Every structure is written in C-alpha cells, then in structure tokens.
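First the structure, in the form of structure tokens, and then the observations on it.
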Amino acid sequence: MNELILVLDFDGQSGRAIARKVRDLGVYCEVLPHTAEIQRIREKAPRGIILTCPSGGVCDVPEVLQLGVPVVEVSSNAAVSREEGLKDFLYNTCACRGDWKMGDYAARTVQVLKEKIGDKKVLCALSGGVDSTVAAVMVHQAVGRQLTCIFVDHGLLRKNEAASVEQMCRETFDINLIRVDAAHRFLGRLAGVDDPEQKRKIIGEEFIRVFEDEAKKIGTVDFLVQGTIYPDIIESGTDGSAVIKSHHNVGGLPDVVDFKEIVEPLRLLFKDEVRQVGLELGIPAELVWRQPFPGPGLGVRVIGAITRDKLDILREADAIFREEINATGLDRELGQYFAVLTNIRSVGVRDGARTYDYTVGLRAVKTSDFMSAEFARIPYEVLEKVSGRIVHEVDHVNRVVYDVTPKPPATIEFE
Ligand code: XMP
C-alpha cells in the first residue's frame, strides 16, 4: 500500500490536474467527487486531503475537517501551478516520504498478476495503441504464453502499423498473437456509407463480431484483459460532460467473450504513467510515445464513403506528414498530427496538363486533455516540404491544405 493523498473535487475540472501533479511529486493520489460519503473517505485512510474549490467559492466540508488529517484548499488554476506549496503540503504538513515510483509499480503489479492468474488462461484484445499494448506486455511478463492476444486488422490502420504491432509482439516479446486480417469484412460493410456516425457504428459492431469469431475458436478463458486507465474511471464532481460523438474505445467485448473475470492492470494510472511503465517494461519508445489514434482508424479520416484506393492515398500522405514532423522533433510537442483525405476534388496542373484530383488536409494540434485544442503553429518551411512531398509522391492528390481551426468549434478529427 502506498501513502495516499485524496483530492476532493468540488469544481469538477482541476481534480485530475492536481492528482497528476501530486503523483509527479512522488505521492500516490486519487480523486473523489465532493459528494463521496465520509465513510468511504475514512476507509481510504489518506495522509492528507486537497479540496479543489471553484474560484471565489467555498467548500462545504465540516465532516472532512473532523477526520483529523491535514486539509488544504486550492482554488481552480491558481494554486495548481504552485509546485512549492504542494510539495510543502505533501512532505512537511502530511509527512509523506514519497513512495510512488513507476518502476516499483510495474514490478509489484506483475507480481500481483502472477498470483492472481496462476496457471489460468488470459485473453487480450490488442489495438496497437499504448494502453492495450502496455497492459498486454505487463500480463505477458506475469504469465507468458498463458496470454493470447487477438489483434484485429480492420484495414483502417496507418501505413506499416499492423506489421509493427506484429513484429513487436513476436520478436521483442514472444507474445502469443493472433492477427486477424479482416479488411475485406470491414470494407464490405462500409461500402457506400458516408455518414460519420454510421461508419463508427459499423466499425464498432464489426470489430465485436470479428473478435467474437476468434474468441470462439479459443473457447473459455479465465481472464479478459482491459486497458482501462485512471481517467476512464475518475468520478467527476459535476458529472455532465456532453457526449459529442459516439466513440471512445470499442466497448462490448465482455459480452462476446466467455470469461470469468476482468483484469485491468492500468486502472490506477494516468496516461503519462502508462507510458513510463511501458518504457520500464522495455516497450520500444516509438510505440510508447504513439499519439492517440481513434478506434475507427482511418475510417473517420477518409471523409465520406471509404474505398481501398482512398485509404491507400491517405496512408501514403499521412506517412509523409508524420515522417517530416518526427524529423523536426516537433512530435513530442504535438497532441496529435495526421492527414485526412477530403472528398473535395479540384483542378490542378501537372506537366502542362490539367488534373482533377483530391485535396489532402493536414491537422496538427496542441492539447492537454483533447477536450479543447489549438492548431499547432508548424513552421511554413515544414509545411512546404510536406505538401511538396505529398503532391509529388502520392498519386491523385494535387492540393494540400492546413487546418487552422481550434477545438471548439471544430473537433480534432474531421468526422
Ligand atoms: P475529437 O475529434 O472528438 O477527438 O475532437 C477527441 C479525441 O478522441 C479521439 N477520437 C476517437 N477515439 N474512437 C476513438 O477511440 C472514435 O471514434 C474517436 N473519434 C475521435 C480523437 O482522435 C482525439 O484524440
């Protein structure tokens, strides 16, 4: 058990940021809504409590004050950034020693998984994203080939992505991997569909079906791995965040897999902690630092109806953009950067002849939480190089545009 600091979230927004800061300072921290029962707070036996109060407001906490542990109030934004004050609270007022270290966490969790799983069978849906990869590698370290990973290639992945996931699993870790090449199934169902929500729905459903077909071949397993992370489960104080798109991670797997229990080795970790653990476990850095990629993949980056040809065009353009961004070192500063294939065709000229080809859109954003974002001010020289390469190296593209819209009102993705 680690020393615990509790954040009681009164304003519904700064709780996570403070919890992350506390953890960065070496002390384990959880967030509870301000409506949490006093008994629940007492049972957690925190060393100290931080209240996030709306600016200008006060927190109503007489019961909390009677717990006999140090309590401090921080108002939105201002105090969050004052690291010294926070450090003083943790290490002097609450007398914490600072026992939250990712190396220890990884080793301890592997040990716990070993004991829990014993000689039983485990199944994991690998998406190639950071969370499912780190979760799978952790479980693999604990129980080796008792773990089977299923990786569904829906044909909507980026260039070389399926191959690199496969290579990492087989060569770096010797993970028992089943790669399902299901592009024909997905593209068949998607043919002619141009509504974004409809596309998402089809991709989500088909994913479950493909997975179900594979899981049936394996039969009953004891455990199903889920890459749930802490932000997925934090209860916010003012829960009313609007659902803007029908998305975020493919749900529904537990319904089609015959298993007894779920294991969630990352359940307590913030995203950056997941990355640290990933590095501790020896996962290649380029994979650990992979940017978020939507579950429906390039399916929502080819605007309108999807075809194999359009996907191929987009894959090439996107690979060029990412390659150039990485070459400049800008990648670490950007929340996401990718190309989309618009359904605009326009007139151009090449070698003295008229062309009528597609427009590629480039999107690069800076963001802290993906709820809001600003467009990245990428140097013109970089954009010039990217656009030059795309129009010369990728057939059927004669125009490249850069998106300069923040979110809101635009979203990060185009669909
Ligand atoms: P938007 O476009 O809503 O994206 O600003 C916010 C974040 O969510 C990702 N995103 C998705 N992730 N399934 C996912 O798993 C989806 O359908 C989906 N749509 C958007 C997006 O890449 C960004 O990180």
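What is the residue count in the range 215-229 for residues that are surrounded by 11 or more Cβ atoms within 10 Å (Cβ to Cβ) and in a loop (DSSP other than H, G, I, E, B)?
Within the range 215-229, residues that are surrounded by 11 or more Cβ atoms within 10 Å (Cβ to Cβ) and in a loop (DSSP other than H, G, I, E, B) number 7.
Could you list, in sequence order, all residues of the range 126-148 that are buried (at least 23 other Cβ atoms within 10 Å of the Cβ) and of a type in the set (A, V, I, L, M)?
Result: LEU126, VAL130, VAL134, ALA135, ALA136, VAL137, MET138, VAL139, LEU147.
Only one residue in ASP318, ASP272 is more than 17 Å from the chain's Cα centre (by Cα), assigned to a helix (DSSP H, G or I) and either loosely packed, with under 15 Cβ neighbours inside 10 Å or within 14 Å of the ligand (Cβ to nearest atom) (or both), so which one is that? Quick ask: steps written out before the conclusion?
On the way: ASP272 fails: more than 17 Å from the chain's Cα centre (by Cα).
On inspection, the qualifying residue turns out to be ASP318.
I need the full set of residues from the range 382-406 which are under 24 Å from GLY329 (Cβ atoms) and within 16 Å of the ligand (Cβ to nearest atom), in order please.
ASP403, VAL404, PRO406
Pick from the range 371-389 the residues that are assigned to a helix (DSSP H, G or I) and in contact (Cβ under 8 Å) with a residue 40 or more places away in the chain: which of them is surrounded by the most Cβ atoms within 10 Å (Cβ to Cβ)?
Going residue by residue through the range 371-389, those that are assigned to a helix (DSSP H, G or I) are 380-389.
Now narrow it down to the ones that are in contact (Cβ under 8 Å) with a residue 40 or more places away in the chain: 382, 385-386, 389.
On the way: VAL382: 16, LYS385: 15, VAL386: 23, ARG389: 17.
Ranking the qualifying residues of the range 371-389, first place goes to VAL386.
Would you mind finding the one in GLY85, GLY103 that is without any contact (Cβ under 8 Å) to a residue 24 or more places away in the chain, of a type outside the set (Lys, Arg) and surrounded by fewer than 19 Cβ atoms within 10 Å (Cβ to Cβ)? So that I can check it myself, show each step before the final result.
On the way: GLY103 fails: without any contact (Cβ under 8 Å) to a residue 24 or more places away in the chain.
Going through GLY85, GLY103 in turn, the sole match is GLY85.
Let me confirm something: among THR328, THR342, which residue is of a type in the set (Val, Ile, Thr), modelled with pLDDT of 95 or more and farther than 24 Å from ARG275 by Cβ?
THR342
Please pick out the residue among VAL31, VAL22 that is at pLDDT 95 or above, closer than 23 Å to ASP272 by Cβ and either charged (D, E, K, R) or in contact with a helix residue (DSSP H, G or I) (Cβ under 6 Å, 6 or more places away or on another chain) (or both). Give the steps one after another, and end with the answer.
Details: VAL22 fails: either charged (D, E, K, R) or in contact with a helix residue (DSSP H, G or I) (Cβ under 6 Å, 6 or more places away or on another chain) (or both).
Every option except VAL31 fails the conditions.
Kindly establish whether LEU8 is touching a strand residue (DSSP E or B) at 6+ places or on another chain (Cβ under 7 Å) and free of Cβ contacts under 8 Å to residues at least 24 places away in the same chain. Please lay out each step first, then the result.
Details: touching a strand residue (DSSP E or B) at 6+ places or on another chain (Cβ under 7 Å): yes; free of Cβ contacts under 8 Å to residues at least 24 places away in the same chain: no.
Taking the combined requirement at face value, the residue does not satisfy it.
Would you check which residues across the range 390-408 are assigned to a strand (DSSP E or B), buried (at least 17 other Cβ atoms within 10 Å of the Cβ) and of a type in the set (A, V, I, L, M, F, W, C) and list them?
Selection gives VAL397, VAL400.
Looking at the range 296-306, can you tell me whether even one residue there is more than 16 Å from the ligand (Cβ to nearest atom), touching a Leu at 6+ places or on another chain (Cβ under 8 Å), within 26 Å of HIS154 (Cβ to Cβ) and assigned to a loop (DSSP other than H, G, I, E, B)?
yes
Could we say that LEU311 is touching a helix residue (DSSP H, G or I) at 6+ places or on another chain (Cβ under 7 Å), away from the ligand (no atom under 16 Å from the Cβ) and at pLDDT below 95 here? Steps first, answer last, please.
Numbers: touching a helix residue (DSSP H, G or I) at 6+ places or on another chain (Cβ under 7 Å): yes; away from the ligand (no atom under 16 Å from the Cβ): yes; at pLDDT below 95: no.
Judged against the criteria, LEU311 is not a match.
Whether any residue in the range 119-131 is under 22 Å from the mean Cα position of the chain (by Cα), assigned to a helix (DSSP H, G or I) and under 30 Å from ILE306 (Cα atoms) is what I want to check. Give the steps one after another, and end with the answer.
Our first condition is that a residue be under 22 Å from the mean Cα position of the chain (by Cα); within the range 119-131, this holds for 123-131.
If we keep only those that are assigned to a helix (DSSP H, G or I) too, we end up with 130-131.
If we keep only those that are under 30 Å from ILE306 (Cα atoms) too, we end up with 130-131.
The answer is yes, given that some residue of the range 119-131 is under 22 Å from the mean Cα position of the chain (by Cα), assigned to a helix (DSSP H, G or I) and under 30 Å from ILE306 (Cα atoms).
Can you list residue pairs whose Cβ atoms sit under 7 Å apart, with the first residue in the range 393-415 being farther than 21 Å from GLU324 by Cα and the second being assigned to a strand (DSSP E or B) and near the ligand (Cβ under 8 Å from one of its atoms)? Count only pairs 6 or more apart in sequence or on different chains.
PRO406/ALA373; LYS407/ALA373
Can you tell me how many residues in the range 363-381 are more than 11 Å from the ligand (Cβ to nearest atom) and aromatic (Phe, Trp, Tyr)? Even if it seems obvious, please write down each step before you answer.
Initial filter on the range 363-381 (more than 11 Å from the ligand (Cβ to nearest atom)): 364, 366, 368, 374-381.
Next, from what is left, pick out any that are aromatic (Phe, Trp, Tyr): 375, 380.
Matching residues across the range 363-381 total 2.
Considering only the range 349-370, state which residues are under 17 Å from PRO408 (Cα atoms) and surrounded by fewer than 19 Cβ atoms within 10 Å (Cβ to Cβ).
So in the range 349-370, the residues under 17 Å from PRO408 (Cα atoms) come out as 363-370.
Listed by number, the residues that qualify are LYS366, THR367, SER368, ASP369, PHE370.
What number goes with the only condition from (1) among the charged types (D, E, K, R); (2) touching a Gly at 6+ places or on another chain (Cβ under 9 Å); (3) at pLDDT below 95 that ASP104 does not pass?
Checking ASP104 against (1) among the charged types (D, E, K, R); (2) touching a Gly at 6+ places or on another chain (Cβ under 9 Å); (3) at pLDDT below 95, the one that fails is (2).
Looking only at the range 145-188, how many residues end up being of a type in the set (Asp, Glu), under 30 Å from GLU115 (Cα atoms) and either within 22 Å of the chain's Cα centre (by Cα) or in a helix (DSSP H, G or I) (or both)?
Residues meeting the conditions: 2.
Taking ALA142 as the residue in question, decide whether it is at pLDDT 95 or above, assigned to a helix (DSSP H, G or I) and within 22 Å of the chain's Cα centre (by Cα).
Values: at pLDDT 95 or above: yes; assigned to a helix (DSSP H, G or I): yes; within 22 Å of the chain's Cα centre (by Cα): no.
No; evaluated as a whole, the condition is false for this residue.
So which of LEU281, LEU330 ends up being closer than 30 Å to ALA142 by Cβ, surrounded by fewer than 22 Cβ atoms within 10 Å (Cβ to Cβ) and away from the ligand (no atom under 16 Å from the Cβ)? Give the steps one after another, and end with the answer.
On the way: LEU330 fails: closer than 30 Å to ALA142 by Cβ.
One residue alone meets the criteria, LEU281.
(1) out of contact with any Leu (no Cβ under 6 Å at 6 or more places or on another chain); (2) under 26 Å from GLU286 (Cα atoms); (3) free of Cβ contacts under 8 Å to residues at least 60 places away in the same chain; (4) not in a loop (DSSP other than H, G, I, E, B): which one isn't true of PHE207, the others all being true?
Status for PHE207: all satisfied but (3).
The values are calculated or read from the model by the stated rules, or taken from the named source; none is laboratory data. Just so it is clear, the structure is predicted and the values come from calculations on it, not from any experiment. Heads up, the Cβs are rebuilt from the backbone with ideal geometry, glycines too, and the neighbour counts pull from every protein chain shown.
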